[in-house]
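Quick note: the coordinates plus some simple rules give every number you see, no bench work behind them. In this text, all values refer to a predicted model and were calculated from it rather than measured experimentally. For neighbour counting, all protein chains shown are included, and Cβ atoms are generated from backbone atoms with ideal geometry for every residue, glycine included.
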Amino acid sequence: MKAEDILEAIGNADDKSVKNAREKGNKKLWIYISSVAAILVLAIIIPIYYIQSEKTLGEGENEEIALEWGEVYIYYSDGGRIASEKQYLPLSSKEIFEVWRIKNGFGEEAKLYKFEIDNNGTTDCSEFSGFYLENYTPEDYYIVNITVSKALENDKSIAVYDPTLDTLKMTMTGYLDFECDEYNVFFQ
Amino acid sequence: MEDKKIVELYFQRSEKALEETALKYGKYCFSIAYSILNDNEDAEESVNDTYLDVWNSIPPHKPSVLSTFLGKITRRISIDKWRKRAADKRGGGEISLVLDELEECVFKGDTVEEEYSKEKLSEAVKLFIAQLPKTEKNVFICRYWYMDSVESICKRFSFSESKVKSMLKRTRDKLRKYLVEEEF
């Protein structure tokens with residue numbers, strides 16, 4: 001193996017990581033631009049929102065939001081090692097969790113109860129689709145909190161490293177259109 | 001213009017697709033090519049070759065992230081061009097430095113060299129990158145994917161030179177260990 005082979009292999013890093021790597025730059029300028037943009041957006045959005053909400057009051061309240069589809073990496077434990085498989089799926093945490101559950105050999109007792117994205121102390125997304133945040137700001141601190149059933153908790157009596165929860169983390173944060181700063185898993 | 005619309009133009013075989021691509025991503029592609037080749041003319045040529053390659057691959061291919069799709073093609077073409085140029089005279093660009101650094105990740109034991117496929121290596125490296133913490137991952141990709149200079153990475157992340165260098169060194173060590181474990 002040569003260094004050139006590694007260089008070539010790095011070239012196949014996943015699209016999101018490549019896209020995000022350079023988006024973190026120019027912090028100060030970005031903070032300034034995003035602050036100004038946020039004020040402008042609020043100034044425009046708030047009046048439009050009120051006008052729209054008055055217009056649509058009582059119409060189509062129960063309409064379902066169409067989910068975007070995309071290529072998602074499902075990580076799974078393959079004999080103690082982490083492996084992945086790319087699948088074309090609806091970008092919803094619930095759907096993705098289901099595929100992950102089956103791929104990792106869990107039965108229906110393994111459930112995803114809650115999927116939340118916390119942005120600087122406020123919950124940005126409490127629904128099961130968290131792929132795209134409309135008010136995403138790269139410099140903000142995002143925490144992904146998921147609550148799953150106890151069936152997924154690692155068996156602490158086994159001394160060998162079990163990568164299952166790592167594959168859950170990689171799958172559930174990997175499909176999001178942004179990089180989260182912190183990830184927590186809770187068992188219920 | 002939105003990426004989706006640009007991709008639609010490719011599907012319609014409209015030459016406007018190329019214009020819009022150049023307008024939106026010309027500088028991005030050029031910066032990747034220039035980092036590798038360190039030559040304006042060669043970098044321009046790589047970017048033009050990228051447009052041709054994209055024109056020929058969409059359709060049937062439908063990229064999910066157009067920017068990285070273009071970036072990957074530019075990177076591949078530029079590395080190929082660098083290889084051809086290196087046959088005459090090596091040097092120039094960040095790629096020489098990057099390759100010297102990545103040499104550390106190559107296992108040089110006495111064992112018989114294992115057969116490995118490039119596909120397997122590619123998959124293993126992809127997994128390695130996916131598992132890195134966010135900041136390490138970004139710095140690693142800037143250096144070894146975009147081949148940004150250490151100086152520009154320092155500016156981008158507001159880090160000192162020693163911090164960037166030590167972070168890269170630690171990640172290379174991790175990669176080396178990981179590749180040995182994965183039997184490459």
Gained length - B:SER64 relative to B:LYS118, 0.36 nm times residue gap less alpha-carbon distance: 17.1 nm
Report the rotationally averaged projected area of chain B based on its alpha-carbon convex hull, in square nanometres. 12.3
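Here is the link list: B:LYS4/B:LYS126; A:LYS19/B:LYS72; A:LYS16/B:LYS134; B:LYS27/B:LYS84; A:LYS94/A:LYS150. Which ones come out longer than 20 Å on Cα distance?
B:LYS4/B:LYS126; B:LYS27/B:LYS84
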In nm, spacing of pseudo-spin labels at A:PHE186 and A:THR122 (7 Å Cα→C-beta vector): 2.0
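What FRET efficiency comes out for the pair A:TYR141/A:GLU98, r = Cβ-Cβ distance, R0 = 35 Å, nearest 0.05?
Numbers: r = 29 Å, r/R0 = 0.83.
According to the calculation, E is roughly 0.75.
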Peptides ranked, highest mean first, by Cβ atoms within 10 Å: ranges A:36-46, A:162-172, B:174-184: A:162-172, B:174-184, A:36-46
Using a cut-off of 12 Å between beta-carbons, work out the net charge of the residues near A:ASN184 (Lys and Arg +1, Asp and Glu -1, A:ASN184 not included). -2
Other chains' Cβ within 10 Å of B:76-83 residues: what's the mean? 1
Suppose R0 equals 56 Å. What FRET efficiency, 1/(1 + (r/R0)^6) with r the Cβ-Cβ distance, do B:SER158 and B:GLN12 give to the nearest 0.05? 0.80
Where the only charges are on Cβ atoms (+1 Lys, Arg; -1 Asp, Glu), what is the dipole of the stretch B:1-66 about its Cα centre, to the nearest 20 debye? 460
Treating the beta-carbon of each Lys and Arg as +1 and of each Asp and Glu as -1, no other charges, what is the dipole magnitude of chain B about its Cα centre, to the nearest 20 debye? 620
I want to check the label-to-label distance for B:GLU44 and B:GLU103. Put each point 7 Å from Cα in the C-beta direction and report it in nm to one decimal. 3.4
Across B:137-148, the residue-averaged tally of Cβ atoms belonging to other chains within 10 Å stands at 5
Cβ neighbours within 10 Å from other chains - mean over A:163-172: 1
Separation between the A:GLU4 and A:LYS114 pseudo-spin-labels, each 7 Å from Cα along Cα→Cβ, expressed in nm? 5.4
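Taking the mean number of other Cβ atoms within 10 Å as a proxy for protection, how do you rank B:136-144, A:110-118, B:96-104, A:80-88 from highest to lowest? Before the final figure, lay out each step's value.
Details: B:136-144: 23.2, A:110-118: 18.1, B:96-104: 16.4, A:80-88: 13.1.
Packing order, densest peptide first, comes out as B:136-144, A:110-118, B:96-104, A:80-88.
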